[in-house]
Amino acid sequence: MSDNGSDHEFQPRGFFETTPDLDGTRFGKHDLEGAREVYRDLFAKLEIESWPDNPIGPLRVWWTQEGTQTACYLIYIASIFHRLCRNVTSRSEPIFFEKSKRLFSELSDAVFAEQLAELEVAFILSRAMSPISFEPMVPVEKIGSADQPKSPDFGFRLPSGDIAIEVTVWHWQSLRDWDAAQEQISLRLRARLGRAGLARQVELGLPLKVGGADIEAIVNSDVVDTMRATDGTITITLSDGEATLRWAEFPVFSSFDEMTGSPQAAEGFGMGAVGSVEKPFGFSVRPQFSERAFDDAATSLRKALDRKRRQTVDGLPNIIVLGLGHHRLEWAWVLPMFAERIWPNAKYKWITALAAYTPERAWDQLNGTAMILFDWNPNSALPAPQPLRDAVDGRATFHLP
C-alpha cells in the first residue's frame with residue numbers, strides 16, 4: 001500500500017521523470033532531453049511504448065534507478081541508437097531495429113552485454129565509416145526468416161571494396177571456474193577463521209585449476225591453526241601447482257584519524273575497519289598461472305575464433321572484433337597471444353585483423369574508456385586495404401551515399 005493509503009504498489013520513477021545532477025560530466029541538460037526524445041521515438045518505432053511503465057530485462061535496473069552515473073549510462077546508450085538510426089543502409093533497417101528491440105527484452109546479463117557490444121562497436125566505427133550494413137550477406141527476402149543464412153554482424157563499403165565485421169566476446173571458462181573456486185575459498189576461510197576467533201586479512205595466490213580437494217587443502221583446520229600466528233606466509237601444494245597464502249592480523253581502529261597513517265595498516269595489506277566490527281576478515285586473490293594456464297587460454301581463444309569462421313566471408317577482409325568477457329582479463333596480456341600463438345598459425349589467415357574492443361565504463365566522466373585497437377594479421381590471406389588502415393588510424397573518413 002502506498003503512503004496515501006491506496007492499494008497501488010509503489011513504482012520507482014523512471015528515466016523520463018528523474019532529475020540527475022550532470023555537473024562535471026560530459027553530458028548536459030540538452031543531452032538528457034535529447035536522450036529522452038530518442039527513447040520515445042525508438043519505443044514508438046519498436047512498438048513497445050509501454051516498456052517504460054513496466055520495464056523488463058537488464059535495462060530495467062538502469063531505467064528505474066536515480067543518480068548521475070545511471071543517467072549518463074542511459075544517455076550514452078541513447079547516443080548509440082541515435083547515431084546508428086541515421087547511419088544504417090535502408091536494407092538493414094529492419095535488422096538494426098530488431099537488434100535494438102532485444103535490448104529491452106528478458107536477457108541474461110551476458111547475452112545483453114554481447115548484444116550491446118555489437119551496437120557499440122558499430123557506433124564507434126561509424127564515426128569514420130558509414131553507412132553500416134547489418135548482416136550484409138542476408139538477402140532482403142530472407143531477413144527474419146527461419147532459413148536466414150549466416151552472415152557477419154555488419155559491414156562497411158570503402159573505396160577499396162567491402163569490409164566484413166564480426167563481433168564476439170571471449171569467455172574463458174577456466175577463468176570463470178577459477179573465480180567460482182576463489183569465492184568458495186573466501187567464504188569457507190572466513191567462516192573457519194571466525195569460528196576460531198581470528199581476525200585476519202588474507203592474500204592468496206591461486207593456480208588456474210582448482211578442484212574440491214584443492215579448496216579443502218587451503219581452508220582445512222591445519223591451515224587455520226597455522227594462521228593463529230598474527231602474520232605469516234605458507235605454500236600449499238595443489239593438483240595444478242602451488243598456492244601462496246599470506247596473512248596478517250586485521251586491524252580495527254577507533255576512528256578514521258587513528259587508521260590514517262597507522263603503521264599497523266601499512267604493514268598489512270591496506271585493509272582495516274573502524275568501530276566495532278565482529279570477526280573482521282579481508283580477502284584478496286591474484287591469479288598465479290603456469291605455462292599450462294596460458295596454453296589453456298590459447299586453446300579457449302582459438303575455439304572462440306573457430307566458432308566465428310562460418311559467419312565470415314571468403315574473398316573479403318574479415319575483421320574480428322573481440323571483447324574480453326572477464327574483469328581479470330587485460331589486453332596487455334591477451335594481445336601478445338595473437339602475435340605468438342594465433343597469427344603464425346596458417347589456419348587463421350582468413351582473419352585480416354583483430355580489433356581489440358574495450359567498452360565504455362566511465363559514462364559519467366569527461367574522458368570515456370571505449371576504445372577499439374586494431375592488430376593487423378601479418379599472415380592474412382587478404383591484407384587490410386589502405387582505406388581501412390587510414391580510417392581506423394584517423395587519417396581519413398569514408399561516409400559514402
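The values are calculated or read from the model by the stated rules, or taken from the named source; none is laboratory data. Note that the coordinates shown come from a computational prediction; the quantities given were computed from them, not determined experimentally. Note: ideal-geometry Cβ built from the backbone for every residue, glycine included; neighbour counts use all protein chains shown. Note: accessible area is taken over every heavy atom of the protein model, side chains too, but ligands, DNA and RNA are not part of it. Shrake-Rupley method; radii C 1.70, N 1.55, O 1.52, S 1.80 Å.
Here are some notes:
- Subset of the range 196-206 (residues that are within 31 Å of the chain's Cα centre (by Cα) and buried (at least 21 other Cβ atoms within 10 Å of the Cβ)): 201, 202, 206
- Against the conditions (1) small (Gly, Ala, Ser); (2) at pLDDT 95 or above; (3) open to solvent by 10 Å² or more (accessible area, probe 1.4 Å), residue 164 satisfies every one except (3).
- Residue 86 more than 19 Å from the chain's Cα centre (by Cα) and more than 17 Å from residue 14 (Cα to Cα): yes
- Residues of the range 318-334 include at least one that is modelled with pLDDT of 95 or more, buried (at least 18 other Cβ atoms within 10 Å of the Cβ) and small (Gly, Ala, Ser).
- Each residue in the range 98-121 was checked for being within 10 Å of residue 59 (Cα to Cα) and either assigned to a helix (DSSP H, G or I) or open to solvent by 60 Å² or more (accessible area, probe 1.4 Å) (or both), and 3 of them qualify.
- Top-ranked residue in the range 360-395 [being open to solvent by less than 30 Å² (accessible area, probe 1.4 Å) and either under 30 Å from residue 71 (Cβ atoms) or basic (Lys, Arg) (or both); ranked as modelled with the lowest pLDDT]: 363
- Taking the range 124-235 as the region of interest, the helices (runs of 4 or more DSSP H) fully inside it that hold 1 or more residues being under 28 Å from residue 373 (Cα atoms) are 173-195.
- Restricting attention to the range 27-77, the residues that are loosely packed, with under 15 Cβ neighbours inside 10 Å and aromatic (Phe, Trp, Tyr) total 0.
- Cross-chain or 6+ apart pairs with Cβ under 9 Å, the range 372-383 first and under 7 Å from residue 356 (Cα atoms) and touching a residue at least 60 places away in the same chain (Cβ under 8 Å), then in a strand (DSSP E or B) and not basic (Lys, Arg): 372/321; 372/355; 372/356; 372/357; 372/358
- Those residues of the range 236-270 which are surrounded by 11 or more Cβ atoms within 10 Å (Cβ to Cβ), in a loop (DSSP other than H, G, I, E, B) and at pLDDT 60 or above, in sequence order: 239, 240, 250, 251, 262, 269
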